[in-house]
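See below for the structure under consideration.
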Amino acid sequence: MAYKRLVNVEKKMKRNAKAGGTSLNSTLDKGPQHFEPLPAVLFHFREGAVGVCGDIREIFHQALIRPEDRCSQRYLWRDGNDESDPDFYEMNVMTFGAACSPSAAHYVKTVNAKQFEHSDPRAVKAIIDCHYVDDYVDSFATESYASLYPVRPLWRQHWVHQDT
């Protein structure tokens with residue numbers, strides 16, 4: 001019965017990427033937007049003489065989804081053959097493009113950064129205050145001051161919703 005429903009949903013989504021006029025992504029809650037607004041990040045970028053930009057590589061694929069929550073990211077795969085029974089898969093990481101992914105990624109990024117509050121407060125400030133989702137934009141008074149803060153990985157894998 002559930003299999004039949006999934007196949008019917010798959011057929012409807014193929015027609016229009018919508019089922020009953022509604023896409024899956026439009027029904028997802030975006031979550032709270034706690035990250036810094038883009039204008040605030042860009043204005044900060046203009047404060048110092050030396051601008052620095054960076055990116056958290058593949059941020060959505062670095063945050064693991066707890067095994068008990070992966071069923072919410074289940075999908076069917078037919079490998080191009082509509083006549084065969086589909087294989088079932090579940091995403092282990094956040095889905096790029098899902099409405100809720102930026103908020104969830106920001107949560108994971110913040111939780112991980114705060115683990116370094118005592119050992120590297122400048123990095124934590126940069127991660128929390130100078131990012132717009134996964135883009136890092138910062139500025140420094142001089143090149144020598146900017147070089148005191150080399151980029152290094154602080155990202156650790158963290159389960160989404162572990163602490164909630």
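Every number in this text was worked out from the coordinates using simple rules, so none of it is lab data. Just so we're clear, the structure is a prediction, and the values are computed from it rather than from any experiment. As a convention, Cβ positions derive from the backbone with ideal geometry for all residues, glycine included, and neighbour counts pool all protein chains shown.
Close amide-amide hydrogen proximity is noted between TYR132 and VAL137, each under 5 Å apart and 5 or more residues distant or on a separate chain (H modeled in the peptide plane; Pro and chain starts excluded). Calculation over all alpha carbon pairs of segment 72-129 in 5 angstrom steps from 0 returns a P(r) of 4, 16, 16, 13, 12, 11, 8, 6, 6, 5, 2, 0 percent. Could you list the trypsin sites (Lys or Arg not before Pro) in segment 73-139 that lie in coil according to DSSP, counting only those with at most 16 other Cβ atoms within 10 Å of their Cβ? Hits after loop and neighbour filter: ARG78.
When a/c is below 1.5 the answer is rounded, else prolate if a/b is larger than b/c, else oblate, so apply that to segment 34-151 with a ≥ b ≥ c taken from the square roots of the Cα gyration tensor eigenvalues. Note, shape of segment 34-151 comes out prolate.
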